[in-house]
Each structure stands twice: as structure tokens, then as C-alpha cells.
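Asks: Here it is: the structure, laid out below.
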Amino acid sequence: MKTILATVFAACLAPVLVAQQQLPLFNDAPNRSLTRTNAVQYLFPEQVSVPAGKPSAVELHFRVAQGLHINSHTPRDSYLIPTALSIPTASGVRLENATYPPGEDFTLPLDPKTRLSVYTGEFVIQARIVAQRGNHLVEAQLRYQACDNNECMPPKSVTVPIDVIGK
């Protein structure tokens, strides 16, 4: 009788164990989703020296991951999230202004009539900063919304670490 109960129990438990072993495959799906993708990478510069108290130009270089695009700073529709650079006010460095590259025209395969203004590949933001005298580790932020041809990620920010030396 114990052998029969053990066999029945094992037969009932086997599908549950198999299902549990397959769950990681389903749980891996979010890890492969766009929300886990590092869509934008800050490339350089890591350090800049600028005259203290004087507006200075700094080129910030970024790369959008292959197969993705991000909205430009001036997207064509108001509901789209623009790419924007900011510097915290207490960093000892002020962002006087930023000049963004023009976006590239992009159309989605499913809606070829709609044109988007996006960045792909590498792009450069021309930042004009004013630094106080001294060494400032600035953690600027680049806010963007990345998409592929099928879906968009929620808006995200990437830290842009720059060691700014005001001389």
C-alpha cells in the first residue's frame, strides 16, 4: 500500500516539479525585456578643466544601443518624452544651456506615415557650463525614452559622471 501511495504521489508531484523547473524560463522574460536594457551609454569626457566662473563649452558623447532609438530633444509630438540633460544645482557647476543635435527622421514599419525625430547610434550634446573654482564631481542626468520597432520603455535617466575642475 505504501508503494502504491508513493507512486501516486510521485505521479502527481512530477508535473508540478517539471513546471517549477520551467518557471525560470518564464521569469527570465523580464530580464530580456527592453526595461532591463541599457539603452544609452555615456562615453566621454570623464574629466574637464574649465576657467572658473566663465561659460565653457563641453562636448558630451553618448551611444544608443543597436536596434533602439530615443526621442530627440524636440520630438514631433507633445506626448513623446524629449531627451534632456540636467545638472544638479548643488554640484558647483551650472548648466547655462545645452545644444542638442537635430533628430533623424524615423518611421515605424507598422506606421510608415508617422515620422519621428530620434537619435540612433552615437550623438553629441554641446553643453555650456559655468563651474565654481575647485574640483567638482558632477553627476549630471540624461533623461530619455528608448524604443525599438515594437515597443517603448518607460522614461529613464542615465548618470553622466564628469569631474569638472574650475581653475
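Matching residues to (1) touching a residue at least 12 places away in the same chain (Cβ under 8 Å); (2) under 29 Å from Glu104 (Cα atoms); (3) among the small types (Gly, Ala, Ser):
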| site | (1), (2), (3) |
| --- | --- |
| Val124 | yes, yes, no |
| Arg143 | yes, yes, no |
| Ser157 | yes, yes, yes |
| Val164 | yes, no, no |
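Asks: If we keep just the residues of the range 101-138 that are under 22 Å from the mean Cα position of the chain (by Cα) and of a type in the set (A, V, I, L, M), which is farthest from Glu151 (Cα to Cα)?
Replies: Looking at the filtered set, the residue picked out is Leu137.
Asks: Which of the residues belonging to the range 56-115 are under 30 Å from Gly134 (Cα atoms) and without any contact (Cβ under 8 Å) to a residue 24 or more places away in the chain?
Replies: Thr89, Ala90
Asks: Would it be correct to say that Ala90 is among the hydrophobic types (A, V, I, L, M, F, W, C), out of contact with any His (no Cβ under 7 Å at 6 or more places or on another chain) and part of a strand (DSSP E or B)?
Replies: Criteria not met by Ala90.
Asks: Going through Ala19, Ala52, Ala10, Ala14 one at a time, which residue ends up being modelled with pLDDT of 95 or more and among the small types (Gly, Ala, Ser)?
Replies: Ala52
Asks: Do we have Leu80 as modelled with pLDDT under 95, of a type in the set (A, V, I, L, M) and either touching a Ser or Thr at 6+ places or on another chain (Cβ under 9 Å) or not assigned by TED's automatic domain parsing to the domain that holds Pro101 (or both) here?
Replies: Yes.
Asks: Which one of Ile125, Ile165 is more than 16 Å from Pro51 (Cβ to Cβ) and in a strand (DSSP E or B)?
Replies: Ile125
Asks: Something else: Would you mention how many residues in the range 140-167 are of a type in the set (A, V, I, L, M) and under 10 Å from the mean Cα position of the chain (by Cα)?
Replies: 4
Asks: Then there's this: Return a yes/no flag: does the range 29-36 have any residue that is in contact (Cβ under 8 Å) with a residue 24 or more places away in the chain, surrounded by fewer than 16 Cβ atoms within 10 Å (Cβ to Cβ) and under 17 Å from Asn149 (Cα atoms).
Replies: Scanning the range 29-36 turns up at least one residue that is in contact (Cβ under 8 Å) with a residue 24 or more places away in the chain, surrounded by fewer than 16 Cβ atoms within 10 Å (Cβ to Cβ) and under 17 Å from Asn149 (Cα atoms).
Asks: Among the residues of the range 107-118, are any surrounded by 13 or more Cβ atoms within 10 Å (Cβ to Cβ), out of contact with any Cys (no Cβ under 9 Å at 6 or more places or on another chain) and at pLDDT 95 or above?
Replies: Yes, the conditions are met somewhere in the range 107-118.
The values are calculated or read from the model by the stated rules, or taken from the named source; none is laboratory data. Quick caveat, the model's predicted, so the values are computed rather than measured. So basically every Cβ, Gly included, is an ideal-geometry build from the backbone, and we count neighbours across all protein chains shown.
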